[in-house]
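For reference, the structure is listed below as structure tokens.
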Amino acid sequence: MYWLFLLLAIGAFILAISTTQMWLLVLALVASLVFALLWVKGLYVARMGSVVADTPRALHPAELQALREQLRGQANAPLASSAAPASETEVPAQPRDSSQP
């Protein structure tokens with residue numbers, strides 16, 4: 001939608017060229033300048049705004065430690081499950097409660 005500011009800036013500039021009154025000329029030139037600056041700002045945000053937002057944030061040392069422990073747990077889990085017999089890894093079926101539908 002930032003391109004609408006460009007159209008408004010051009011329209012205000014055309015009004016400034018075609019008017020014969022000094023106060024309307026000054027008002028139209030100021031409006032044209034403001035709309036042109038808003039268009040440039042919108043263009044910048046559309047092109048560069050997403051680049052700035054994609055930078056990763058630094059992790060807190062506690063978060064890093066939690067990630068390390070999680071990775072260690074995942075690395076040790078396949079070794080522990082392959083060493084355990086199949087009967088120990090099975091979960092017994094839970095009896096159904098008759099009060100629930």
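The values are calculated or read from the model by the stated rules, or taken from the named source; none is laboratory data. Given the structure is predicted, the values throughout are model-derived calculations rather than measurements.
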Quiz prompt | Members of region 19-29 that are over 25 Å from VAL40 (Cα atoms) and outside any loop (DSSP other than H, G, I, E, B) | solution = MET22, TRP23
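Do we find that SER99 is assigned to a loop (DSSP other than H, G, I, E, B), of a type in the set (S, T, N, Q) and modelled with pLDDT under 85 in this structure? Walk me through how you get there before you give the answer.
Details: assigned to a loop (DSSP other than H, G, I, E, B): yes; of a type in the set (S, T, N, Q): yes; modelled with pLDDT under 85: yes.
So SER99 passes the test.
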Quiz item: Before we move on, is ALA62 under 27 Å from the mean Cα position of the chain (by Cα), modelled with pLDDT of 70 or more and assigned to a helix (DSSP H, G or I)?
Solution: yes
